[in-house]
1. Under a 1.4 Å probe, what is the accessible area of the range 66-219 per residue, stated in Å²?
2. Which percent, to the nearest 5, of DSSP beta bridges fully inside the chain are antiparallel?
3. Quick one: angle between helix 197-207 and the longest Cα principal axis of the chain, in degrees between 0 and 90, rounded to 10, please.
4. Each residue of the range 147-152 in turn: what ³J(HN,Hα) in whole Hz from Karplus with 6.51, -1.76, 1.60 and θ = phi - 60°, glycine and Pro shown as x?
5. At a probe size of 1.4 Å, how large is the accessible area of residue 263, to the nearest 10 Å²?
6. For the range 284-407, with all protein chains present and a 1.4 Å probe, just round the carbon and sulfur fraction of the accessible area to a whole percent.
7. Determine ³J(HN,Hα), in whole Hz, for all residues of the range 350-358 in sequence, where each value follows from phi through the Karplus function 6.51 cos²θ - 1.76 cosθ + 1.60 and θ = phi - 60°; x replaces Gly and Pro.
8. Counting DSSP beta bridges in the range 32-171, what percent are antiparallel, to the nearest 5?
Amino acid sequence: MDYTAQLDTAINSLHDEGRYRTFIDIERKKGHFPHAVWTRPDGSQKDITVWCGNDYLGMGQHPEVLSAMHEAIDATGAGSGGTRNISGTTVYHKRLEAELADLHGKEAALLFTSAYIANDATLSTLPKLFPGLIIYSDALNHASMIEGVRRNGGAKRIFRHNDVAHLRELLEADDPKAPKLIAFESVYSMDGDFGPIKDLCDLADEFGALTYIDEVHAVGMYGPRGGGVTERDNLAHRIDIINGTLAKAYGVMGGYIAASEKMCDAIRSYAPGFIFTTSLTPSVAAGAAESVRILKTAQDIREKHQEQASILKLRLKGLGLPIIDHGTHIVPVIVGNPVHTKVLSDHLLEDYGIYVQPINFPTVPRGTERLRFTPSPVHGPAEIDAVVKAMDTLWSHCALNRAELAG
């Protein structure tokens with residue numbers, strides 16, 4: 001086989017479809033989030049505003065978070081020194097896990113290097129703990145959940161997105177004695193819709209199933225202490241395993257699960273993705289713990305975040321743009337064509353200094369390509385005005401007319 005030619009074929013197919021992913025080089029400005037500097041391929045630079053970041057609340061710039069990280073570096077050095085089992089567990093990791101367990105009202109929490117790894121490792125390990133386990137997974141669950149379910153070697157059932165009736169049909173068709181788990185999300189990041197958590201918990205109770213929720217796009221941002229949608233709706237006690245991230249609302253890095261002491265102990269003891277991975281650096285753990293602590297009493301930040309998202313959605317709707325609005329902080333503008341989406345993104349960046357990355361297949365279904373805006377509490381009136389004016393101009397007067405952009 002001509003391996004180089006085969007690689008060319010694979011990469012060229014992405015170019016031909018208009019969904020080749022281009023990474024742009026940016027340098028965030030400390031203390032000036034969401035502003036950054038973009039370095040073009042020719043080496044020239046341009047000031048930009050980041051509108052597609054996952055640092056939803058700007059906590060990656062919070063002075064107390066940065067101070068905690070600096071203190072940990074000064075105290076311990078750069079790395080953790082090993083896996084959690086071999087010299088890589090420090091007081092910083094234990095403090096963070098205690099903060100997270102408290103956040104969700106659970107007995108314990110278990111840290112991973114990312115929420116992707118936490119999902120993959122946990123879901124792929126559960127059938128080892130519960131032989132014969134059947135996992136019922138929402139059709140739009142995150143890729144990390146899909147991968148974990150796929151790799152676990154057990155039985156799986158896929159129910160239509162947020163379709164409780166379809167899930168019931170699947171549950172009724174299986175052996176009532178078989179162990180079961182229902183896996184779903186609280187906020188689905190691409191459309192910004194909520195999962196029907198209470199109804200899913202009711203079904204789990206009825207059929208004797210465990211519940212597993214991904215709160216990645218909700219922790220820190222919903223609930224009186226940032227415990228996510230499950231805390232906001234007083235449902236956390238009905239969830240057996242909560243997955244969350246430290247890389248979005250908390251502005252640092254890492255992922256975790258929160259559950260019973262025995263569940264965390266079992267995952268800790270059986271999951272290769274936990275056992276054989278170097279632990280988070282103490283500085284990251286320290287910064288994340290401080291961020292979680294701060295946001296437990298920072299309802300004003302959460303309220304400002306929701307306010308800014310509502311303002312942006314209202315103003316973009318006023319332009320007649322095809323916005324998906326399910327009442328969350330996610331602001332997707334559907335373009336419906338990968339080439340057109342990339343053209344819009346390029347114009348926004350080059351002409352207006354607005355960075356919003358195209359979202360294409362396989363992240364979203366073909367024909368639903370979009371620009372996904374993520375406002376934060378520090379995207380102020382000036383930044384919102386700039387986005388609205390740019391989108392109005394491009395959607396109305398760009399060489400791609402509005403009908404073409406709409407797909």
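The values are calculated or read from the model by the stated rules, or taken from the named source; none is laboratory data. The structure displayed is predicted, hence computed values, not measured ones. Cβ: placed from backbone, ideal geometry, glycine included. Neighbour counts: every protein chain shown. The protein model used for the area step is the full one, side chains on, heavy atoms only, and it has no ligands, DNA or RNA in it. Shrake-Rupley method; radii C 1.70, N 1.55, O 1.52, S 1.80 Å.
1. Per residue, the range 66-219 has 41 Å² of solvent-accessible surface.
2. Rounded to the nearest five, the antiparallel share is 55 percent.
3. 30 degrees
4. With coefficients 6.51, -1.76 and 1.60, one gets 5, x, 5, 5, 7, 6 Hz.
5. Taking all protein chains as shown, residue 263 has close to 20 Å².
6. Percent of accessible area from carbon and sulfur atoms in the range 284-407: 56.
7. 6, 8, 10, x, 10, 9, 9, 6, x
8. Values: 5 of 10 bridges.
In the range 32-171, approximately 50 percent of DSSP beta bridges are antiparallel ones.
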